[in-house]
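Participant: Would you mind keeping the following structure in view while I ask a few things?
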There are 2 protein chains.
Amino acid sequence: MAANISEETLKVSYEQLTDLEKEFEENEVEIIRHQVALNKPLYEKREKILSQLPGFWPLVLEQAPPDVDQYIQPSDSAVLLSSLKNLTVSHFEIENGGKGDPRSIAIRLEFNENDYFEDTVLEKKFWHRRAKSGWTGLVSEPVPIKWKKPSKDLTQGLLDLVVKVWEEDQKRGEGKAPITKPKDYTSAQKELKKKIETVGMGGVSFFGWFGFRGFPISEEESKVATAKDQENRRLRAEGKAVPEEDDEEDEDEDEDDDPYGLEIFPDGDELAIAISEDLWSNAIKYFTSAQEQGDMSDIDFEDGMDEDDEDEEEEEEAEANGGNEPPAKKRKA
Amino acid sequence: MAANISEETLKVSYEQLTDLEKEFEENEVEIIRHQVALNKPLYEKREKILSQLPGFWPLVLEQAPPDVDQYIQPSDSAVLLSSLKNLTVSHFEIENGGKGDPRSIAIRLEFNENDYFEDTVLEKKFWHRRAKSGWTGLVSEPVPIKWKKPSKDLTQGLLDLVVKVWEEDQKRGEGKAPITKPKDYTSAQKELKKKIETVGMGGVSFFGWFGFRGFPISEEESKVATAKDQENRRLRAEGKAVPEEDDEEDEDEDEDDDPYGLEIFPDGDELAIAISEDLWSNAIKYFTSAQEQGDMSDIDFEDGMDEDDEDEEEEEEAEANGGNEPPAKKRKA
């Protein structure tokens, strides 16, 4: 049926599709910008109501969808269920009239006094960046946690080491890329690598997520790559030739390179997206479904969550998950 | 920690959350409206490019995500892969300046001449409705298919029977609800019920989807329910009493009632949403991922899809699915 289409026509069609996909992405960014602005007053209203319901976030976490729940180890649950006071997501690059990327997000967890760490607030920021290779996604910086004792460190020292390596990278200077070749590793990097291999086997704590870095893409690299990508699309749309990539860039891609080799929480970006787009946005649905299905009395909430309640609620949660529809799917029109 | 909160405060907070959730939903509807308008020119551009790539939709279908793929039986694949020419989704209630619900969708499949049915276009419409019970979602009407021979009927007579029952319902008169109590079934309904029990066991054809009806909610019921819901929310927001439900409505809910008893494709609404929000919106991603991972040559496309190619592509698809990331998740800010 397509016998008369030349290879050249097909090649052009493929390129057009790839470029079109980027136009869709640009629209999507505008939609998110619009959506964030539109929903802002509602999220503020929600936070006000939630201040009346101190058990809200622990209950939502118990109902967490698999894309969040899979990262919460039993030892994490103990802290999160007893101490998580509030959870908020902000699109910090577009707040207060900012013109940045609405896909950049900050996730802020507030805690009550607990046995594990001194911090009452842990906030992790994710920047949406474009690499010169074409990769786009979220990158982050490690957030230290002040554990009360080494034995209370749920990451078993992983997070502290990531922070140490991060600080070394910062001292090495602004423009400099981090060391990503195992043969050039510093002693802290070697220690981290070894710890990842031993601790990683048993399943890394949810709190290891605060150590996620992602690909090392600077703001500058992202700006240059975005501008170049837009320019190339413009040229193709006008039917003009697109300049070849510099050889220099290929040389950069050394086989020894292992930019993800010291990542303690490789799915950190995925988890951030799951928290922002599902857990946080659908929190009322998860809470309501727990209420309806688990048939919990108001009294459970009044009492807060002591250890006996937790056991009961875990059973109720299992029932609720069995008989209940998950919150409505995300849509894209 | 919440010991001082009264039950009354908690009750009010829960109600406020439920009402707030509806405000989020209203925003979401506005966002979809905005998104559909913004993306319209891009989808038109995409359709123009796709006319150069006749193998596009069959290939996308081969890469279909599980929430679509699970409904495609091997016998359906033969028709879809050889004959599907085009697939489009429209938000028909807001087209040409319409002020309807942007969540109502029409899914249109265009086919080449094939051995199974006479139709070259099959279009199925889904209306977003609210029931007086509070349920909201998509409802539809059966779409008949002109099978070339009874032996070519992939639904084994199910679709024809659903259409017959539907026509009976229409003749019974506009305002009347369909018969939903098994003891009152007409002979066509009894025949349908029996066929569902026998054919359903082996897995219903994708084409059975054209028979999906969903809950019987008229446009009128939906309008009344929506207005009432808004009024009740307004009253609660102003701290006023909300009138009790009429007893009459409870009487309507007869235990004999089985509104889904004659549904030949119970997940029809889910499949519509999966096609619209995933397969259709992410079609370029599925296509590109097939291209990149399967390493298919342009030649395969030039030749169209004959039977030998299909086998090869099925193998390539398996590789592609194994090594490839799924398209980016949907987001909700």
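The values are calculated or read from the model by the stated rules, or taken from the named source; none is laboratory data. No experiment lies behind these values; they were computed from the predicted model shown. Cβ atoms come from the backbone with ideal geometry, glycine included; neighbour counts cover every protein chain shown. All accessible areas refer to the heavy atoms of the entire protein, side chains included, with ligands and DNA or RNA removed. Shrake-Rupley method; radii C 1.70, N 1.55, O 1.52, S 1.80 Å.
Participant: For residue A:22, state whether it is without any contact (Cβ under 8 Å) to a residue 24 or more places away in the chain and either open to solvent by 10 Å² or more (accessible area, probe 1.4 Å) or facing chain B (nearest Cβ under 9 Å) (or both). First the steps, then the outcome.
Facilitator: On the way: without any contact (Cβ under 8 Å) to a residue 24 or more places away in the chain: no; either open to solvent by 10 Å² or more (accessible area, probe 1.4 Å) or facing chain B (nearest Cβ under 9 Å) (or both): yes.
So residue A:22 fails the test.
Participant: Mind counting the residues in region B:168-198 that are buried (at least 18 other Cβ atoms within 10 Å of the Cβ), touching a residue at least 40 places away in the same chain (Cβ under 8 Å) and outside any loop (DSSP other than H, G, I, E, B)?
Facilitator: Counting residues in region B:168-198 that are buried (at least 18 other Cβ atoms within 10 Å of the Cβ), touching a residue at least 40 places away in the same chain (Cβ under 8 Å) and outside any loop (DSSP other than H, G, I, E, B) gives 3.
Participant: Among the listed residues B:285, B:240, which satisfies the condition of being outside any helix (DSSP H, G or I) and either at pLDDT 85 or above or open to solvent by 20 Å² or more (accessible area, probe 1.4 Å) (or both)? Let's see the steps before the verdict.
Facilitator: On the way: B:285 fails: outside any helix (DSSP H, G or I).
Criteria check complete, one pass: B:240.
Participant: If you don't mind, there's one more thing I want to ask. I'm told residue A:45 meets every condition in (1) in a helix (DSSP H, G or I); (2) within 7 Å of chain B (Cβ to nearest Cβ); (3) at pLDDT below 95; (4) open to solvent by 70 Å² or more (accessible area, probe 1.4 Å) except one. Can you identify the failing condition by its number?
Facilitator: Residue A:45 satisfies all of (1) in a helix (DSSP H, G or I); (2) within 7 Å of chain B (Cβ to nearest Cβ); (3) at pLDDT below 95; (4) open to solvent by 70 Å² or more (accessible area, probe 1.4 Å) except (3).
Participant: Another question, then. Select from region B:83-93 the residues that are within 15 Å of the chain's Cα centre (by Cα) and either surrounded by fewer than 18 Cβ atoms within 10 Å (Cβ to Cβ) or within 13 Å of another protein chain (Cβ to nearest Cβ) (or both) and list them in ascending order. Show your work before the answer.
Facilitator: Filtering region B:83-93 down to residues within 15 Å of the chain's Cα centre (by Cα) leaves B:87-92.
Within region B:83-93, B:88, B:89, B:90, B:91, B:92 meet the criteria.
Participant: So which residues in region B:1-18 are modelled with pLDDT under 75 and surrounded by 15 or more Cβ atoms within 10 Å (Cβ to Cβ), if there are any at all?
Facilitator: Residues satisfying the conditions are B:2, B:5.
Participant: A further question on this structure: Any residue at all in region A:34-51 that's closer than 15 Å to residue A:275 by Cβ and of a type in the set (Ser, Thr, Tyr)?
Facilitator: Taking region A:34-51 as the starting set, the residues that turn out to be closer than 15 Å to residue A:275 by Cβ are A:43.
Right, trim to of a type in the set (Ser, Thr, Tyr) and you get A:43.
Checked region A:34-51: at least one residue is closer than 15 Å to residue A:275 by Cβ and of a type in the set (Ser, Thr, Tyr).
Participant: Just to be sure before I move on: is residue B:35 in a helix (DSSP H, G or I) and under 24 Å from residue A:86 (Cβ atoms) in the structure I sent? Before you say what the answer is, go through the steps one by one.
Facilitator: On the way: in a helix (DSSP H, G or I): yes; under 24 Å from residue A:86 (Cβ atoms): no.
Considered against the rule, which asks whether it is in a helix (DSSP H, G or I) and under 24 Å from residue A:86 (Cβ atoms), residue B:35 comes out as no.
Participant: Now, a different point. If residue A:104 passes every condition in (1) under 28 Å from residue A:229 (Cβ atoms); (2) of a type in the set (S, T, N, Q); (3) buried (at least 19 other Cβ atoms within 10 Å of the Cβ); (4) facing chain B (nearest Cβ under 10 Å) but one, which one does it miss?
Facilitator: Status for residue A:104: all satisfied but (4).
Participant: Next question. Just the residues that are free of Cβ contacts under 8 Å to residues at least 24 places away in the same chain and among the aliphatic types (A, V, I, L, M), please, taken from region B:76-110.
Facilitator: Here is the first cut: in region B:76-110, the ones free of Cβ contacts under 8 Å to residues at least 24 places away in the same chain are B:77-78, B:90, B:95-100, B:106, B:108.
Those that are free of Cβ contacts under 8 Å to residues at least 24 places away in the same chain and among the aliphatic types (A, V, I, L, M): B:78, B:106.
Participant: Out of all the residues in region B:275-290, which are within 9 Å of chain A (Cβ to nearest Cβ) and more than 18 Å from residue B:71 (Cα to Cα)?
Facilitator: Of everything in region B:275-290, those that are within 9 Å of chain A (Cβ to nearest Cβ) and more than 18 Å from residue B:71 (Cα to Cα) turn out to be B:281, B:282, B:284, B:285, B:287, B:288.
Participant: Now, a different point. Taking region A:199-210, which residues are among the small types (Gly, Ala, Ser), at pLDDT below 95 and assigned to a helix (DSSP H, G or I)?
Facilitator: Quick first cut of region A:199-210, residues among the small types (Gly, Ala, Ser) only: A:200, A:202-203, A:205, A:208.
Okay, now just the ones that are also at pLDDT below 95, so A:200, A:202-203.
Across region A:199-210, the qualifying residues are A:200, A:202.
Participant: Same structure again: Does residue A:226 satisfy the criteria of being surrounded by 12 or more Cβ atoms within 10 Å (Cβ to Cβ) and touching a helix residue (DSSP H, G or I) at 6+ places or on another chain (Cβ under 6 Å)? Reasoning before the result, please.
Facilitator: Working: surrounded by 12 or more Cβ atoms within 10 Å (Cβ to Cβ): yes; touching a helix residue (DSSP H, G or I) at 6+ places or on another chain (Cβ under 6 Å): no.
No.
Participant: Further question on the same structure: Here are some conditions: (1) among the acidic types (Asp, Glu); (2) over 25 Å from residue A:232 (Cβ atoms); (3) in contact (Cβ under 8 Å) with a residue 40 or more places away in the chain; (4) within 12 Å of chain B (Cβ to nearest Cβ). Residue A:113 meets all but one. Which one does it not meet?
Facilitator: (3)
Participant: Next up: Pairs, please: C-beta under 7 Å, at least 6 apart or cross-chain, first residue within 11 Å of chain B (Cβ to nearest Cβ) and in region A:50-67, second part of a helix (DSSP H, G or I) and β-branched (Val, Ile, Thr)?
Facilitator: Filtered contacts from region A:50-67: A:52/B:9.
Participant: Taking the stated definitions as given, is residue B:164 modelled with pLDDT under 95 and of a type outside the set (A, V, I, L, M)?
Facilitator: Details: modelled with pLDDT under 95: no; of a type outside the set (A, V, I, L, M): yes.
Criteria not met by residue B:164.
Participant: Moving to a separate point now. Being under 17 Å from residue B:107 (Cβ atoms) and open to solvent by 30 Å² or more (accessible area, probe 1.4 Å) is the filter here, so list the residues in region B:48-69 that pass it.
Facilitator: Of region B:48-69, the ones under 17 Å from residue B:107 (Cβ atoms) are B:50, B:56-58, B:60-61, B:64-65, B:67-69.
B:67, B:69 - these are the residues of region B:48-69 that are under 17 Å from residue B:107 (Cβ atoms) and open to solvent by 30 Å² or more (accessible area, probe 1.4 Å).
Participant: From B:153, B:160, B:115, grab the single residue that is more than 21 Å from the chain's Cα centre (by Cα) and buried (at least 18 other Cβ atoms within 10 Å of the Cβ). So that I can check it myself, show each step before the final result.
Facilitator: Numbers: B:160 fails: more than 21 Å from the chain's Cα centre (by Cα); B:115 fails: buried (at least 18 other Cβ atoms within 10 Å of the Cβ).
Only one candidate passes the filter, namely B:153.
Participant: Quick check, is residue A:96 away from chain B (no Cβ under 12 Å), over 17 Å from residue A:271 (Cα atoms), open to solvent by less than 50 Å² (accessible area, probe 1.4 Å) and of a type in the set (S, T, N, Q)? Don't jump to the end; show me each part of the working.
Facilitator: Values: away from chain B (no Cβ under 12 Å): yes; over 17 Å from residue A:271 (Cα atoms): yes; open to solvent by less than 50 Å² (accessible area, probe 1.4 Å): no; of a type in the set (S, T, N, Q): yes.
Judged against the criteria, residue A:96 is not a match.
Participant: Kindly indicate which of A:12, A:29, A:36 is in contact with a His (Cβ under 6 Å, 6 or more places away or on another chain) and either over 19 Å from residue B:288 (Cβ atoms) or free of Cβ contacts under 8 Å to residues at least 40 places away in the same chain (or both).
Facilitator: Details: A:12 fails: in contact with a His (Cβ under 6 Å, 6 or more places away or on another chain); A:29 fails: in contact with a His (Cβ under 6 Å, 6 or more places away or on another chain).
Unique residue meeting the criteria: A:36.
Participant: Let me ask something else. On the given criteria, is residue A:146 without any contact (Cβ under 8 Å) to a residue 60 or more places away in the chain and either in contact with a strand residue (DSSP E or B) (Cβ under 8 Å, 6 or more places away or on another chain) or within 14 Å of another protein chain (Cβ to nearest Cβ) (or both)? Walk me through how you get there before you give the answer.
Facilitator: Values: without any contact (Cβ under 8 Å) to a residue 60 or more places away in the chain: yes; either in contact with a strand residue (DSSP E or B) (Cβ under 8 Å, 6 or more places away or on another chain) or within 14 Å of another protein chain (Cβ to nearest Cβ) (or both): yes.
It is true that residue A:146 is without any contact (Cβ under 8 Å) to a residue 60 or more places away in the chain and either in contact with a strand residue (DSSP E or B) (Cβ under 8 Å, 6 or more places away or on another chain) or within 14 Å of another protein chain (Cβ to nearest Cβ) (or both).
Participant: Let me spell it out: the conditions are (1) within 24 Å of residue B:130 (Cα to Cα); (2) at pLDDT 90 or above, and residue B:191 meets all of them except one. Which number is the exception?
Facilitator: Unmet condition: (1).
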